[in-house]
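Working notes, structure below.
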């Protein structure tokens, strides 16, 4: 983490000599940043991350010898540094970028399609803002087992440990009561969700909604990749479909997701940002509080800003349970802290304790709530 009044030391990792020069010029022209080294492949990146100990690393994905994914996994397991991915915005680029975020990279900036100097200037302010932000975050060491799982994913799913499997038959139907879990995340979210997702199983007797601040081009691919590591059904939410237990719904990027009084998913892509956020976690949680009442559960995970604080307040007021990730395991203790300040949080937990707390509440609800009309 960069110290106050000192320049943020940046390591640029990029296989294109031209692009390295463009990035160096952008960073060195900023009074807060200084490029201290550059690497043309992942092998050099790992070595320079160790020797230079930069405050931030910008990482390309497609590179010879050792690519950006392998380099990110190695750095985040042995010598963690804040990493900002600077890579293609194509579908293939989105898939690789999401893998890097799951491995612990902090943020990403999509290269314009032609990636020439003039086009890079169009993302200059976003790039500078995200590098400055990354220098302030607490890097969280990615577990080696998780890194290897993501790198070597071949479609097989690791079952949840027997001690955390949920066995009750799920309830279904709009006229029956079942718990609804909302997981809320922003910066650092993909890696954090990867720590939670393997706990969920196909017979999990609750519906799970994940609202992650993420662009529209990424969420379909995110659903596909997340499904590889959990037993619960994972899908990008669709308008007007009925909410069902045993399914994890990902809010599509660029749209607000709400649950109607009849338990259907409503998507809104025309309203624009709500309190600066799109999608709005508050909007989802407030609708879930109205729909599920005391059967609602919120998990406020790592992220910058205050999205989720109002929604968590609504869930608590409805008799639901609100969990917040603790500061020690959060990449950015922004959203959880704001929910805590609002007085909406019942328990502050480490990331590894959040799924067990959700499971405990869901099983408690299933034991004590008879099926029936609301």
TODO: Kindly indicate whether residue 102 is modelled with pLDDT of 80 or more, assigned by TED's automatic domain parsing to the domain that holds residue 74 and within 27 Å of residue 296 (Cα to Cα).
DONE: yes
TODO: Return yes or no: is residue 77 crowded, with 24+ Cβ neighbours inside 10 Å and part of a helix (DSSP H, G or I)?
DONE: no
TODO: Return yes or no: is residue 280 over 15 Å from residue 181 (Cβ atoms), surrounded by fewer than 23 Cβ atoms within 10 Å (Cβ to Cβ) and in contact with a strand residue (DSSP E or B) (Cβ under 8 Å, 6 or more places away or on another chain)?
DONE: no
Task: Residue satisfying condition, being over 21 Å from residue 296 (Cβ atoms) and over 13 Å from the mean Cα position of the chain (by Cα), within set 246, 231 - done: 231
TODO: Within segment 52-74, work out how many residues are buried (at least 23 other Cβ atoms within 10 Å of the Cβ), part of a loop (DSSP other than H, G, I, E, B) and free of Cβ contacts under 8 Å to residues at least 40 places away in the same chain.
DONE: 1
- [ ] Taking residue 267 as the residue in question, decide whether it is farther than 16 Å from residue 305 by Cβ, touching a helix residue (DSSP H, G or I) at 6+ places or on another chain (Cβ under 6 Å) and assigned by TED's automatic domain parsing to the domain that holds residue 364.
- [x] no
- [ ] Please enumerate the residues belonging to segment 105-130 that are part of a helix (DSSP H, G or I), modelled with pLDDT under 85 and either in contact with a helix residue (DSSP H, G or I) (Cβ under 7 Å, 6 or more places away or on another chain) or closer than 23 Å to residue 49 by Cα (or both).
- [x] 117, 120
Open item on the list: Can you tell me how many residues within segment 226-257 are out of contact with any strand residue (DSSP E or B) (no Cβ under 9 Å at 6 or more places or on another chain) and either part of a loop (DSSP other than H, G, I, E, B) or at pLDDT 95 or above (or both)?
Closed with: 2
Open item on the list: It is to be established whether one or more residues within segment 341-356 are without any contact (Cβ under 8 Å) to a residue 12 or more places away in the chain and within 23 Å of residue 188 (Cα to Cα).
Closed with: yes
TODO: Tell me, yes or no, whether segment 155-175 has at least one residue that is part of a helix (DSSP H, G or I) and modelled with pLDDT of 50 or more.
DONE: no
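The values are calculated or read from the model by the stated rules, or taken from the named source; none is laboratory data. This is a predicted model, so every value here is computed, not measured. All Cβ positions, glycine included, derive from the backbone under ideal geometry; neighbour counts span all protein chains shown.
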